[in-house]
Amino acid sequence: MTVGQLPVEAGAFVRYLRDLTALLDKGEGWCAVFWQRDPDGMRACLDGAELPPWDVLEALLHDLAAQHGTEAAEHETVRARALHTAAAAAHDRRPGAREGLVERLGAMRRERAYAAQRERELTQRLRGVADGAEAEGLGLELAWARDDHERATARCGELGARLEALETLPSPSRPARPPAPDSWFRAEAPEADEEPFLPHPAPSRGDTLRLPPRGGSAPDLAPQAPPDFVRGDPQGLNSAPPALEDFGKGRGGEKPRRTPKRRPRGARYAGLDADAGGSAVTLPTSDVATPRGARYAGVEEKTAAPPPVVAEAAHLVEDGRAVTGAVAALVQLRAQGRTGEAHVLLCEAAAWPAGRLPMLAGALHRAGLGADWATLLWELASLPVDRVAAVSGALHGAGLGEDGRQLLRQGVARPAPEIAAGLLALVDVGREREVRALVDAFVRVRTPEDAARVAQNDPPRLAPLLLDAARQVSQGRYWDVVHALRVAGAAP
C-alpha cells in the first residue's frame, strides 16, 4: 500500500515517520535496536502497512533528543502524538479493524505474560550467581526482559484504549471528524456550513520535521504552537512547512526577521489569550457553591455530610478536572518552551492527594508527556517517608506497580535516621502495609550497614522488620543484615 492509498491521517503520519527516521542514525540508540530486532516491522511502518506502537515512536524521539537536543524533541513530541493518535483512529475506522485489535491485544497479553515470567526467572538466576562475566550477561538479559515487559504492558494499554474508543464512534451514516489526540474534544461530524478539517500541515506536500540546524547560528524564529487540526484552505493545500535545509535562510540569504508568536489553535487551547506566551497558566478551580434555599437557612457554616457514594463521585469529578487542567497547562508550557514554569506545576502536583496521582500518570502518558511523569516521580521521592509510602500504595492499587516500586527505591535513598523516624511513625499509626513496602525496598537497595544504622534508632521494633524483609530477598542478604546488626549492637 502506497502513502497515496492510505487515509489522509495515516498518510500524514507515515510521511512524518519517514522524516523522523531520516534524521536519526540507524546505527545508534533505539533506532538501531529496532532495525536489528525487527527490520520487517520497521519497513512495514515506513510503508504505511502497519502503525507503530506509541512506545516505539517515543523511543525514536528519545534518539532525536540525544542527536538534535531536548528542545527539538520536546517540540516534536506534541506533534508526533497528535499525528499518531489521528492515524490510529483512521486505521481503526477500516473494516475489520475491531477484530484485528482484539487479536493483537490477546497476542500482546501473552507476550506480556511471557516477558514477566522471563523476568522472574532471570532475577532468580541472578541472585545465585557471583559477580563476573556470567552475572553481567544475566544482568543484560534481565534488562532486556524488563524492557520487553514494560513495552508489552504499554501496548496492552494502548490497544485497550483504541478498542474503547471504537465504542464511541458515531454511526456510519454520518462521517466523523478525525478525533483529536487523547479525546481533548469530541469527534463529531462537521456542520454543513463548516469547511472540512485536514491534518496540519496539508498532506499533499508532506509533514517535514521542523528542527533547528545543528551547529552555526539558529534562526531567530519564535517557537510555534503544537499543531492541531486546522481548517484546510485552497492556499494551504499547495503549501508546505519549511524543510530542514531551509532553516536559517531568509529572502536573499538574509537572516529572517522575528515573527510574532502564533496563537495556539484547537479545542485544547480554547479561551487562551493571544498574548498568553508570557502569562502565567491558570488552572481551573474547584470551588463548591454554598447550599441555598429555605431548607438551608441558618446552616451556611455547617451542612450535612453527603452520602459516601455521592462524596466519592464528587472526588472523582474534582480529580478529573484537576488532572485535565494540569495536563493542558503542561502541553501549553512545553510547546512554548517554558520549562521552568512546567517544573513548578509538577512540584505543585506532587502535593496532590495520593489517589489522584495514578490518574495524572495515565493522562501524562496519553498526552506524550511521559518524561514529565518521570520527573514527578523524582519530586515525590523527596517527600516525607509516609507520603512516599502512601503514593506508592496508590500506584500499586491502580496497576502501576513498577512505578510504585521505582518510587520506593528512590524514596529510601535518604539518611538512615530519617528512614527510621518515618518507619516508626508509620508503625505507631498501624500502617503495616506501607511499613513492609518501605522496609522491603530499603533492604534491596541499601547496604546491610545502612540497615543496621536504621535499626539503632529503635532495635526492638526496627530490627525484626529489617530481618524479615532481608529474609524475603535471599538467605545471603539475611545473614549479611544479621552480621551488621550484631556489629552495630542493634540485634533484637
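Taking each residue of the stretch 1-29 that is among the aromatic types (Phe, Trp, Tyr) and looking for partners that are at pLDDT below 85 and crowded, with 18+ Cβ neighbours inside 10 Å with beta-carbon atoms closer than 6 Å, six or more apart or interchain, yields Tyr16/Asp207. Only one entry of Leu408, Leu346, Leu333 meets the criterion of being assigned to a helix (DSSP H, G or I) and either touching a strand residue (DSSP E or B) at 6+ places or on another chain (Cβ under 9 Å) or at pLDDT 90 or above (or both), and that entry is Leu346.
Yes or no, residue by residue, for (1) assigned by TED's automatic domain parsing to the domain that holds Cys156; (2) farther than 28 Å from Leu166 by Cβ; (3) aliphatic (A, V, I, L, M):
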site	(1), (2), (3)
Val102	yes, no, yes
Arg109	yes, no, no
Arg112	yes, no, no
Gln117	yes, yes, no
Gln124	yes, yes, no
Arg127	yes, yes, no
Gly132	yes, yes, no
Gly137	yes, yes, no
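For the stretch 31-42, the set of residues classified as assigned to a helix (DSSP H, G or I), of a type outside the set (A, V, I, L, M) and closer than 23 Å to Arg162 by Cβ consists of Phe34, Asp40, Gly41, listed by residue number. Restricted to the stretch 412-439, and to residues there that are part of a helix (DSSP H, G or I) and β-branched (Val, Ile, Thr), the residue that is surrounded by the fewest Cβ atoms within 10 Å (Cβ to Cβ) is Val427.
Kindly check whether there is at least one residue in the stretch 98-115 that is touching a Phe, Trp or Tyr at 6+ places or on another chain (Cβ under 8 Å) and within 17 Å of Arg151 (Cβ to Cβ). No, there is no match, as no residue in the stretch 98-115 is touching a Phe, Trp or Tyr at 6+ places or on another chain (Cβ under 8 Å) and within 17 Å of Arg151 (Cβ to Cβ).
Per-residue answers, yes or no, for (1) free of Cβ contacts under 8 Å to residues at least 24 places away in the same chain; (2) more than 14 Å from Val473 (Cβ to Cβ); (3) hydrophobic (A, V, I, L, M, F, W, C); (4) in contact with a Cys (Cβ under 9 Å, 6 or more places away or on another chain):
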residue: Glu418; (1), (2), (3), (4): no, yes, no, no
residue: Gly430; (1), (2), (3), (4): yes, yes, no, no
residue: Asp440; (1), (2), (3), (4): no, no, no, no
residue: Arg453; (1), (2), (3), (4): no, yes, no, no
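Taking first residues from the stretch 337-364 that are crowded, with 17+ Cβ neighbours inside 10 Å and partners that are basic (Lys, Arg) and assigned to a helix (DSSP H, G or I), the Cβ contacts under 7 Å between residues at least 6 apart in sequence or on separate chains come to Ala342/Arg334. The residues listed here are Glu103, Glu111; of these, the one that is loosely packed, with under 12 Cβ neighbours inside 10 Å and either in a helix (DSSP H, G or I) or aromatic (Phe, Trp, Tyr) (or both) is Glu103. For the stretch 56-75, indicate whether the set of residues that are of a type in the set (Gly, Ala, Ser), outside any loop (DSSP other than H, G, I, E, B) and closer than 20 Å to Leu6 by Cβ is non-empty. Looking through the stretch 56-75, none of the residues is of a type in the set (Gly, Ala, Ser), outside any loop (DSSP other than H, G, I, E, B) and closer than 20 Å to Leu6 by Cβ. When we screen Leu408, Leu485 for residues that are crowded, with 21+ Cβ neighbours inside 10 Å, on the phi < 0 side of the Ramachandran plot and either in the same structural domain as Thr153 (by TED's automatic domain parsing) or in contact with a Ser or Thr (Cβ under 7 Å, 6 or more places away or on another chain) (or both), the only hit is Leu408.
The values are calculated or read from the model by the stated rules, or taken from the named source; none is laboratory data. Owing to the predicted nature of the structure, the values given are computational and were not obtained by experimental measurement. No Cβ is skipped: glycine too gets one built from the backbone with ideal geometry, and neighbour counts run over all protein chains shown.
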